[in-house]
Amino acid sequence: MAEKPSVAIGQVMENRSVAPGHFLLTIQLPLSFATPIPGQFVMIRDPERGEPLLPRPISVYDFQREEGHAILNLLCRVVGRGTSLFSRLNRGSTLTVLGPLGRGFTIDPDVRQVLLVAGGVGAAPLAFLLQEGSLLKPDSGKRKVTAYLGAGTSELLTGLDRFQGFCDLRAATDDGSCGYCGPVTELLAIDLGGYDAKSTLILACGPAAMIRSLDLLLRDTRIRCQVSLEERMACGVGACQGCVVAIKEGEGRIGYRMVCKDGPVFDIGEILWNPSVDG
Amino acid sequence: MEIEADKKTVVPGRLAVDICGLVLKNPVMTASGTFGYGEEYAPFCDLNRLGAIVVKGLSLEPRQGNPPPRIMETCCGMLNAVGLQNVGVRAFIAEKLPFLRQFNVKVIANIFGETIDEYRRVTEILTRAAGVHAIEVNISCPNVKKGGVAFGAYPDAAAAVTEMVRGETDLPVIVKLTPNVTDITEIARAVESAGADAVSLINTLTGMSVDIERRRPHLANVTGGLSGPAVKPVALRMVWQVVRSVKIPVIGIGGIMTADDALEFLITGASAVQIGTANFIHPAATMEIIDGIEDYMIRHRIGCMKDLIGSLQTDGC
């Protein structure tokens, strides 16, 4: 059961560049901040600035409780003005942190093989899932975890250290500088036949193109797959209805679900890709 | 310290306002479409403290809204083209209203129709529901093809919708006006004559934003409604115009982020205010605005809202 979200004032403990255009924010929060479920996100904002106006949604990369406070780690990529400003925050800066928000990953007890498929910074929520422990808790039996991590170059395989030694690891880079040369979904396609469709669960997060390739790849299989989506958001709590994704509602009807509240994790089969909108 | 000492002498109900018979414990409401059905913000706000909750616009049948992308941040504001996605009036009564009834807060149902008859039927259903204290008629949504601003931009059409709703309910009727017109006072006067108990303004200003890399609009709907601090001066000017043109109460809306912003509207003559985009940025914005208004009243030794509302001095201007 997800705990109640709150708005907390966080303090930046460390802000470290981890790869070109990627940074790791370590934020100290009060202990009252609820423990996030893997796949959940927070909305962060610099309270000292009136602009940009809206908070930005960022997936939880790590969360720990320590003596007297909690530590939240966010692995971010600079994509626009908001994240660019976050990348330059100094130690000691304050941030408002709203969360934890959304619906995280759910793992059915019958799952024996988990495949974590990440593209770039999409590794963040999957790393949290792996580190948080519920994936491999004692009553999960002989569950195997294999991570497929993809990125442009080896340098951009952010969060790799959170997977190395914790599960089987398969890497793919566009330039071949680490692992398979090509998209991570191609690497997965090569291996896919070796997994038992009934007991395998894929959990994925990455760019839209990766999720769509994954959708095509899995279309003729019966492998379960949950994907974590991202979308521009204003409120993060289901009020503004700005972050919707199109969903198949049966009988050819389309419905819209909110990424912030109904997601960000969805079953891949539910999602309706609209080429005219998604480009 | 002085404020603390003074607080003890605060008259209970110092912040109370009476809008066409609807008594609110303070003048701070949430704007439709920015606070869901109340539930979404219950973890962050004490809903009992709000003057009123104006719920997300309701139509007769559920509406799925516009395709994404629906929102885009702009300079000191945001564009939205949600297209009135909502659960429909019946699901609202069955699934959302019971939650709101647990709180000691006035609930204002914002309604929307594609035809005048649809406005009538939604009103009829809501009037029978327990726990709805007023109706806000949305004749000003810029993001739908039928209805919405098609009624709000023309005095005759605006009056016709108002008259239909007025005839269907004994609840107070508030008509929400669009700023996307040549003369907002003309529309305000038309709905006043048709029986509106109050007007609320402004709804969003129609705007647009372009992705230059893809040479496409940022919003799938191409245009959207601009809200946030960027629109506040425009909203304030329109409230100023309308309070001088009608006798019914005016509810001020548009880019209110802080208590100071709310006070500008109240001093200008708004009898109450609605908080919209600020909720997205700061989920407890309404609570801080209520506290800030109260602190101001104490600091300026103003005993009741009546003495504050419309107290703008313009001599020598």
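List of remarks:
- Count - residues of segment B:84-104 that are crowded, with 23+ Cβ neighbours inside 10 Å and either within 14 Å of chain A (Cβ to nearest Cβ) or in a loop (DSSP other than H, G, I, E, B) (or both): 2
- So residue A:257, is it open to solvent by 20 Å² or more (accessible area, probe 1.4 Å), within 21 Å of the chain's Cα centre (by Cα) and within 12 Å of another protein chain (Cβ to nearest Cβ): yes
Here is a yes/no grid of residues against (1) open to solvent by less than 10 Å² (accessible area, probe 1.4 Å); (2) polar (S, T, N, Q):
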{"site": "A:18", "(1), (2)": "no, no"}
{"site": "A:34", "(1), (2)": "yes, no"}
{"site": "A:40", "(1), (2)": "yes, yes"}
{"site": "A:51", "(1), (2)": "no, no"}
{"site": "A:70", "(1), (2)": "yes, no"}
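- Residue within segment A:230-251 that is assigned to a strand (DSSP E or B), in contact with a Phe, Trp or Tyr (Cβ under 9 Å, 6 or more places away or on another chain), open to solvent by less than 10 Å² (accessible area, probe 1.4 Å) and within 12 Å of chain B (Cβ to nearest Cβ) present: yes
- Of the residues examined, residue A:210 is not one that is within 14 Å of chain B (Cβ to nearest Cβ) and in contact with a strand residue (DSSP E or B) (Cβ under 7 Å, 6 or more places away or on another chain).
- Among the residues of segment A:46-78, those identified as free of Cβ contacts under 8 Å to residues at least 12 places away in the same chain and either touching a strand residue (DSSP E or B) at 6+ places or on another chain (Cβ under 7 Å) or away from every other protein chain (no Cβ under 13 Å) (or both) are A:53, A:64, A:66, A:67.
- Residue A:201 modelled with pLDDT of 95 or more and surrounded by 15 or more Cβ atoms within 10 Å (Cβ to Cβ): yes
- Residue match in segment A:108-118 (condition: surrounded by fewer than 17 Cβ atoms within 10 Å (Cβ to Cβ) and either of a type in the set (Phe, Trp, Tyr) or under 13 Å from the mean Cα position of the chain (by Cα) (or both)): no
- Enumeration of residues in segment A:260-270 that are away from every other protein chain (no Cβ under 12 Å) and touching a helix residue (DSSP H, G or I) at 6+ places or on another chain (Cβ under 9 Å): A:264, A:265, A:268, A:269
- Single unsatisfied condition, residue A:203 versus (1) assigned to a strand (DSSP E or B); (2) touching a Cys at 6+ places or on another chain (Cβ under 9 Å); (3) within 12 Å of chain B (Cβ to nearest Cβ): (3)
- Each residue in segment B:35-83 was checked for being under 27 Å from residue A:81 (Cβ atoms), of a type in the set (Ser, Thr, Tyr) and open to solvent by 10 Å² or more (accessible area, probe 1.4 Å), and 1 of them qualify.
- Summed over segment B:256-275, the residues that are assigned to a loop (DSSP other than H, G, I, E, B) and open to solvent by less than 10 Å² (accessible area, probe 1.4 Å) give a count of 2.
- Residues located in segment B:22-47, provided they are away from every other protein chain (no Cβ under 12 Å) and either without any contact (Cβ under 8 Å) to a residue 12 or more places away in the chain or farther than 22 Å from residue B:258 by Cβ (or both): B:22, B:23
- Hits in segment A:21-39 (condition: touching a residue at least 60 places away in the same chain (Cβ under 8 Å) and within 14 Å of chain B (Cβ to nearest Cβ)): A:33, A:34
- Residue B:114 satisfies every condition listed in (1) in contact with a Lys or Arg (Cβ under 6 Å, 6 or more places away or on another chain); (2) open to solvent by less than 20 Å² (accessible area, probe 1.4 Å) except (2).
Here is a yes/no grid of residues against (1) more than 13 Å from residue A:102 (Cα to Cα); (2) at pLDDT 90 or above:
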position: A:234; (1), (2): yes, yes
position: A:242; (1), (2): yes, yes
position: A:253; (1), (2): yes, no
position: A:260; (1), (2): no, yes
position: A:265; (1), (2): no, yes
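- The criterion of at least 1 residues that are surrounded by fewer than 17 Cβ atoms within 10 Å (Cβ to Cβ) is met by the following strands (runs of 3 or more DSSP E) wholly inside segment B:131-223: B:205-208.
- Every listed requirement among (1) within 18 Å of the chain's Cα centre (by Cα); (2) acidic (Asp, Glu); (3) open to solvent by 40 Å² or more (accessible area, probe 1.4 Å) is met by residue A:155 save one, (1).
- Check on residue A:185, assigned by TED's automatic domain parsing to the domain that holds residue A:215, touching a residue at least 60 places away in the same chain (Cβ under 8 Å), within 28 Å of residue A:110 (Cβ to Cβ) and of a type in the set (S, T, N, Q): yes
- Selection within segment B:50-83 - in a strand (DSSP E or B) and closer than 16 Å to residue B:219 by Cβ: B:71, B:72, B:73, B:74, B:77, B:78, B:79, B:80
The values are calculated or read from the model by the stated rules, or taken from the named source; none is laboratory data. Source: prediction; values computed, not measured. Don't worry about glycine lacking a Cβ; one is built from the backbone with ideal geometry, like all the others, and counts go over all protein chains shown. These accessible areas exclude ligands, DNA and RNA; they are computed on the full protein's heavy atoms, side chains included. Shrake-Rupley method; radii C 1.70, N 1.55, O 1.52, S 1.80 Å.
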